[in-house]
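Encoded as structure tokens, the structure appears first; notes follow it.
The values are calculated or read from the model by the stated rules, or taken from the named source; none is laboratory data. These numbers were taken from a predicted model, which means no experiment stands behind them. Positions of Cβ are generated from backbone atoms using ideal geometry, with glycine treated the same way; all protein chains shown enter the neighbour counts. Accessible surface is based on the protein model in full, side chains and every heavy atom, while ligands, DNA and RNA are left aside. Shrake-Rupley method; radii C 1.70, N 1.55, O 1.52, S 1.80 Å.
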Amino acid sequence: MTPACSGHETPAAMEGPLFRPESPERTDLRTPSITGVFLSLRGVVYDPACKPIPGALLEFWQCDQHGDYDVSGFSLRGHQRTGADGGYRLETIIPRDYYGRWGRRAPHIHTQVQAPGGPILVTQLYFPDNTVAYGRDFAALNAQDALINRSCTILLNANGSSAYGGRFDFVVKRSVR
């Protein structure tokens, strides 16, 4: 689970083939066709000294409740900047697992994070084994995903039977050097 800022940089992961530049700036990634399990994700972007980074750029993209990515539009895609306190909030859904180029993938959210003038961190956020959504066994899906990094697991709490609140804090470098 995501601990309080430890000063250790968030681990990088591959971007994957489905990133699309020029996503809309927004904090709610849902569009009218999205009917999955609601997720309200919040967190802070820190530097390695555990100081919040205002104005950090975050980009999110993910598949839908059926395990499909929108490759022609921007459903479940968007970017935003952190506030003065380094905080962000994202309204989306729990994504579904899917079978892709690298085998069966556990549900995850692709993310890019960049402090102003800093390098881009590309990573993926995962869900705890006890997540309940779409009748899927998240523990089994996580166990068989060769690309999963458990240190990038979102801290989740149920907000009723069809909604979750979540938290994930990022730690990124402020400069390229």
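General remarks:
- Rounded accessible area of Val171 (nearest 10 Å², 1.4 Å probe): 10 Å²
- Within the set [x] 1, 7, 13, 16, 18, 17, 12, 8, 4, 2, 1, 0; [y] 2, 9, 18, 23, 22, 16, 9, 3, 0, 0; [z] 1, 7, 13, 14, 15, 11, 8, 6, 6, 6, 5, 4, 3, 1, 0, the number that P(r) over Cα pairs in 5 Å bins from 0, in percent takes when calculated for this structure is listed as [y].
- Over segment 44-133, relative contact order from alpha-carbon pairs under 8 Å, at least 6 apart, %: 29 percent
- Solvent-accessible surface of segment 51-177, averaged per residue with a 1.4 angstrom probe and all protein chains in place: 43 square angstrom.
- Local charge for Ala4 was computed over the other residues whose Cβ lies under 14 Å away, with Lys and Arg +1 and Asp and Glu -1, and equals +1.
- Segment 153-176 residues near the modelled Val132 label - backbone nitrogen below 20 Å, point 7 Å along Cα→Cβ: 154-167
- Carbon and sulfur %, accessible surface of the chain computed with the full protein complex present, 1.4 Å: 52 percent
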